[in-house]
Structures are given as C-alpha cells and as structure tokens.
1. Are there strands (runs of 3 or more DSSP E) fully within the stretch 112-214 with at least 1 residues that are surrounded by fewer than 16 Cβ atoms within 10 Å (Cβ to Cβ)? List them.
2. Can you tell me which of ALA137, ALA148 is in contact with an Asp or Glu (Cβ under 8 Å, 6 or more places away or on another chain) and modelled with pLDDT of 95 or more?
3. Within the stretch 131-155, how many residues are of a type in the set (Asp, Glu) and more than 24 Å from ARG173 (Cβ to Cβ)?
Amino acid sequence: RDVGALDLVHAAGTALAALAAVMVLSAPVGAVFVNGSAYGDERRYLLRAPSALLFGPIELAWLVVVAGALAGPLLLGAERWVAGGAALVVGWPAAVVAARAVHGLHRRWFVLVPTGTVLHDFSAVTESVMAPRRQLAHLGPAAADSTALDLTAGAAGLALEARFVDPIVVSPRPGRRPGTGAVVEPVDAAAILFTPTRPGRLLAEAERRRLPVG
C-alpha cells in the first residue's frame with residue numbers, strides 16, 4: 001500500500017512538472033515576459049523560432065547551459081578536484097556562449113509602437129525594419145503566393161504580411177535569400193513576411209490602434 005501511494009505521488013509530481021513546463025513554454029507566458037521590459041505604449045510580439053533549430057540545436061544549447069553551469073560545482077562538491085576544475089574551465093565558457101545564443105532567440109519581436117511598427121529580428125535582418133504609421137498600407141495573413149520579402153527565418157506557422165505605401169529599405173542578413181551566399185546589399189521592399197507566435201492577438205491589437213488590418 002505504501003509503495004502504491006509513493007508511485008501515485010511520483011506520477012502526480014511528474015504530471016505537475018510536465019504541466020509547469022508546458023505553461024512556462026507557452027505563448028501567453030512568453031508574451032508577459034517579453035513585454036516586461038517594453039517601453040511606454042509599445043507592445044512586443046515574439047516571433048517563432050526557425051524550424052531548423054527546433055529539433056536538436058535548441059535542446060542541445062539548453063543542455064550545454066545546464067550541464068556546463070552545474071557540472072563543475074557539483075564535481076568539486078564531491079571532492080573530485082581534477083574533474084571539477086576541468087568542468088569549470090570548459091563548462092562555464094560553453095554555458096555562456098550557449099546562453100547568449102538562446103537569449104538571442106528571445107529578442108526576436110514584431111513591435112507595435114504609437115508611431116507605427118518595428119521588426120526587431122537580427123537573425124533575419126542586420127537592422128530593425130521600421131515602418132511609420134503613414135507608410136503601412138496593409139497588415140494581415142500572407143497569401144500562399146505572396147511575393148513579399150521573406151523575413152520569417154524559416155519559421156513554421158501562419159506568416160503575416162506587412163505591405164507598405166512606398167518601398168522601404170531592408171537589410172536582409174546574408175544567406176537568408178535562396179541561392180545567394182554572398183553579402184546581401186540593402187533592398188527596397190514593398191512588403192515583408194514575418195511569423196509571430198500569436199498572430200491573432202497581434203492583428204487585434206493592431207486594429208485597436210487603427211492600423212490598416214485586413
């Protein structure tokens with residue numbers, strides 16, 4: 001009976017841990033945290049991670065951060081001096097590099113500001129793409145055959161299209177356009193594509209701000 005009760009406690013603990021992990025990684029929680037440092041009347045919307053990073057690279061980076069930060073102190077606490085020292089020398093720098101890489105994914109936003117919109121995503125562009133309110137002609141779900149400049153960084157999900165009254169200068173990061181490996185020069189873009197984690201909420205807020213949503 002005691003063993004059964006213990007198994008039940010373990011199962012409940014595992015279920016609660018899984019639920020907590022799902023909630024922490026959910027889009028609503030991400031929205032709260034990303035807007036914690038927002039300035040004034042701006043609203044940030046996280047962008048989806050590139051699909052190529054979802055299965056493998058992100059998990060590996062997380063493992064390097066956790067293992068690299070903890071392995072050394074734990075080994076030293078167990079009086080394994082040589083292994084602990086080596087783990088500190090190798091693990092902590094590796095954890096810092098991996099943490100910076102993961103943190104970079106958290107700083108990919110589409111931002112609604114009082115004067116217009118900003119695409120802040122240095123994995124896709126070398127400079128933020130700013131569109132004043134008067135320059136924004138249309139904001140909405142992208143058509144399958146859209147010819148807009150693709151700044152989704154290969155992320156899956158519903159892409160939104162921001163179309164402009166007049167083309168604006170965009171500086172795509174090198175290698176983001178198919179068939180090119182050379183340095184990409186700034187281009188005049190009549191429209192851009194991006195993939196937020198919560199496209200519906202973004203469009204609703206844009207409409208509330210009287211932007212041309214459709």
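1. 129-132, 136-141, 160-170, 187-194
2. Testing whether each residue is in contact with an Asp or Glu (Cβ under 8 Å, 6 or more places away or on another chain) and modelled with pLDDT of 95 or more leaves just ALA148.
3. Of the residues in that region, 1 qualify.
The values are calculated or read from the model by the stated rules, or taken from the named source; none is laboratory data. Keep in mind that what you see is a predicted model, and the values were worked out from it rather than measured. When we count neighbours, we look across all protein chains shown, and the Cβ atoms used for this are built from the backbone with ideal geometry, even at glycine.
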